[in-house]
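The values are calculated or read from the model by the stated rules, or taken from the named source; none is laboratory data. From a predicted model like this one, the values you see are computed outputs, not experimental measurements. Here Cβ is always computed from backbone atoms with ideal geometry, including for glycine, and neighbour counts include all displayed protein chains. Surface areas here come from the heavy atoms of the whole protein model, side chains and all, with no ligands, DNA or RNA. Shrake-Rupley method; radii C 1.70, N 1.55, O 1.52, S 1.80 Å.
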Amino acid sequence: MNKLLKKIISFVIVALSVATVATVAGCGGNAETSWYVDQSDGNFNKSLFYRNESYDRGADPSTIWVSEEENAEDGGYFYSYVTATSTINAFRGKNLTDWQDLGGVFRPNLNESWAYMNYWAPSVRYDEEEQKYFMFYNATWKDKGKNRFYLSLAVSDSPMGPFVEYTDEDKGEGEPLIDFVKIAESSPYFEQYKKGYEYESGYMSVIDPEQFVDPISGKKYLLFVHDKGAAYTTSEIYIMEMKDWYTPLYETITKLTENGRTTVGGLTESDDGTVNEGPFMYYRNGTYYLTFSVNVYNEASYQVRQAISDSPTGPFRKIAYEDGGAIITTDGLAIYTRSSGHASILDIGGEPYISYHTFFNDEDIGNGRKIRIDKLEFITNKEGIEIMSANGPTVTPQYLPEKISGYKNVARKAYVTATGGENGSSTYYINDGTLKMHTFSETEEFMMNKNGSVNLSFDDYVTARAIIVYNSRAYKNAFSAAKIEIEYQGKDGKSVKCSTDNLKFNFSLYASVDYKLIYAGASVVAEFNEMKIKNVKITFSSDNDVIGIPEIVILGKEGKAQ
């Protein structure tokens with residue numbers, strides 16, 4: 001057996017920001033690679049990993065990634081815009097862990113503006129043609145009453161703000177951009193109120209605006225919610241085409257969802273209660289995905305669901321919960337996190353992530369809400385439909401997108417074999433990119449006996465930087481330690497083998513022993529100096545007879561190692 005590594009270069013330790021450096025079995029007589037085992041005391045390398053922290057307080061996040069190419073001065077950051085009372089606030093950060101509080105990036109003149117409170121649910125996107133950032137929001141019109149919600153627009157040259165309320169030259173700041181009393185009375189969506197009622201005919205209480213540009217037609221759309229907080233018994237989602245971001249086309253309004261129904265006007269029932277809110281639209285491979293939150297925002301059951309269509313204006317069909325319809329939910333996780341809702345999706349160098357909020361104190365809404373971000377995958381459910389599935393909610397360290405770290409999950413291109421697999425269990429789940437998060441996840445774990453092993457091999461050497469071995473979500477199927485053996489290319493070009501000691505899973509940080517629960521997305525991690533690898537073998541230790549392996553990730557670089 002090779003001797004233990006003793007020599008650790010101090011400046012590398014500082015660069016990795018890893019508090020605990022573990023000695024493991026050496027790799028080659030010259031110890032030409034150094035190993036680091038992180039997360040053993042809760043610290044982690046922020047150049048490779050991120051964690052959903054608790055100080056980024058806010059609700060209804062609209063999160064975007066701004067590249068340096070898009071904005072030379074303020075690019076290279078994530079920006080997350082959140083609900084407030086008399087402002088719209090924002091955070092920004094480079095690594096998804098450390099966030100800078102920007103405060104109010106939109107501070108309307110409350111003495112002159114039409115609105116004075118309830119500045120909620122901002123939607124921010126960059127328009128390449130105008131080279132400006134557009135923020136839609138809802139607020140209360142002070143001249144109409146404290147429970148009267150309308151939609152309007154603010155614009156900025158920078159994602160940092162300041163955003164300035166858009167005003168029509170003829171109207172000044174006297175009214176919101178969108179007012180549905182302007183709908184033609186012949187429209188099926190014109191709401192006729194009886195004389196003497198508190199609302200004028202045509203008024204529609206709306207919240208949660210969201211912008212969408214159809215990548216096929218180039219048309220601009222605004223989604224919004226017909227809010228049950230007014231005189232309605234339900235909240236449902238609508239869409240309206242925009243001539244440009246300043247000009248609504250009221251005649252194009254279309255309803256996209258109906259509460260308790262899979263489709264608008266359909267007979268098939270759905271279990272989404274009386275709330276469909278917080279919409280977002282995403283396009284992929286000919287399918288339009290409508291995401292929305294169901295149940296009530298202050299309840300633990302608040303969650304993000306999905307519906308699909310071949311057109312941005314529908315008809316949309318909701319995916320049933322039991323068929324994987326919940327993109328992200330705290331179902332089964334309520335011991336340490338609750339209420340995941342009101343999501344937006346951001347592409348980070350082509351990798352989709354989902355941003356959402358949960359309760360700030362992880363118990364109830366009493367202390368407000370906080371922002372979280374997790375990886376979003378597309379999987380095929382048992383109906384043969386490609387659906388969204390989030391690897392979250394997580395409170396454990398996760399690997400950063402390639403655009404930020406410079407490394408991607410090269411394990412997805414590995415050939416996987418295993419010994420000791422349970423009958424009917426497939427190694428496909430070891431490197432499909434997904435984690436089983438809740439009862440009705442449409443992804444599974446590879447089940448194996450505790451004496452088995454998993455092997456990932458490549459046709460040729462690939463560059464690697466870290467290995468992540470995810471643990472089972474089921475306490476009864478958790479492993480207690482993992483040993484990693486690697487075949488890599490030495491300096492002389494010859495194949496060299498090395499191994500870690502047993503890397504212990506940190507039950508004190510990433511599990512509740514009392515409740516017999518493993519935290520979602522928990523893992524053991526080995527980091528090492530960048531090297532060329534060809535084969536990885538992992539063996540496990542456990543007190544359980546059967547263990548589950550949801551995913552093994554190898555952080556590396558695309559293409560053959562040089």
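Quick notes on this one:
- Percent of Cα pairs exceeding the 19 Å cut-off, where the set is region 280-386: 45
- Amide hydrogen proximity for L517: with H placed 1.01 Å from N in the peptide plane, the residues at 5 or more positions away or on another chain lying under 5 Å are S512.
- For region 335-409, applying the loop criterion from DSSP together with a ceiling of 13 other beta carbons within 10 Å to the GluC sites (Glu not before Pro) yields E383.
- Between the alpha-carbon centres of region 259-314 and region 378-449 there is a gap of 24 Å.
- The distance between label points at K194 and E53 comes to 5.6 nm (points 7 Å beyond Cα on the Cα→Cβ vector).
- Counting only protein heavy atoms and a probe of 1.4 Å, the accessible surface of region 324-436 is 43% carbon and sulfur.
- Hz values of 3J(HN,Hα) by residue in region 50-67 - Karplus curve (6.51, -1.76, 1.60), Gly and Pro given as x: 9, 9, 6, 8, 10, 9, 8, 6, x, 10, 6, x, 9, 10, 10, 9, 10, 7
- Counting only residues at least eight positions apart within a chain, or on another chain, the lysines with an alpha carbon under 16 Å from that of K450 are K476, K483, K504, K537.
- Gained length - R412 relative to E112, 0.36 nm times residue gap less alpha-carbon distance: 102.4 nm
- Near the amide H of R369, within less than 5 Å, lie the amide hydrogens of G58, F360, all on another chain or at least 5 residues away, with H placed in the peptide plane.
- Under 14 Å from the K403 label point (7 Å along Cα→beta-carbon), backbone N, region 263-295: none
- Unit charges on C-beta of K, R, D, E only; dipole of region 434-523, Debye: 320
- Of all lysines in the structure, those lying under 24 Å Cα to Cα from K219, and not within fewer than 8 positions of it along the same chain, are K132, K182, K243, K255, K318.
- Built amide H within the under 5 Å cut-off of Y116, gap 5+: T140, K142
- The string of couplings for region 302-308 from the Karplus curve (6.51, -1.76, 1.60, θ = phi - 60°) is 4, 7, 9, 10, 9, 9, 10 Hz, one whole number per residue in order, with x for Gly and Pro.
- Base-10 log of normalised Debye intensity for region 212-261 (one unit scatterer per alpha-carbon) at q = 0.14, 0.16 Å⁻¹: -0.41, -0.52
- Rolling a 1.4 Å probe over the protein heavy atoms gives the chain an accessible area of 41 Å² per residue.
- Estimated 222 nm signal from helices in the chain, with DSSP H stretches of n ≥ 4 weighted -39500 (n - 2.57), rounded to 500: -500 deg cm²/dmol
- Positive dipole terminus of the chain, leading residue within V546, L400, T274 (C-beta point charges): V546
- Taking all pairs of distinct alpha-carbon atoms in region 503-559, Kirkwood radius in angstrom: 14.0
- Estimated distance in nm for a label pair at S426 and K142, the labels positioned 7 Å out from Cα along Cα-to-Cβ: 6.0
- Once the Cα gyration tensor of the chain is diagonalised, semi-axes √(5λ) in Å: 47, 25, 20
- Charged neighbours of N391, selected by a Cβ distance under 9 Å, balance to -2 (K, R count +1; D, E count -1).
- Rough spin-label spacing in nm, given labels placed 7 Å along Cα→Cβ, for N449 and E558: 4.2
- Neighbours of L223 by Cβ distance under 10 Å: Lys/Arg scored +1, Asp/Glu scored -1, total -2.
- Across all C-alpha atoms in region 108-148, the radius of gyration and Dmax reach 12.7, 37 Å.
- Cα gyration tensor, region 169-288 - rounded (a/c under 1.5), prolate or oblate: oblate
- Kirkwood-based shape ratio for region 56-186, expressed as Rg/Rh from alpha carbons: 1.00
- Evaluating 6.51 cos²θ - 1.76 cosθ + 1.60 at θ = phi - 60° for every residue in region 81-98, the Karplus couplings come out as 9, 10, 4, 9, 9, 10, 9, 10, 9, 8, 10, 9, x, 9, 10, 6, 10, 9 Hz, glycine and proline recorded as x.
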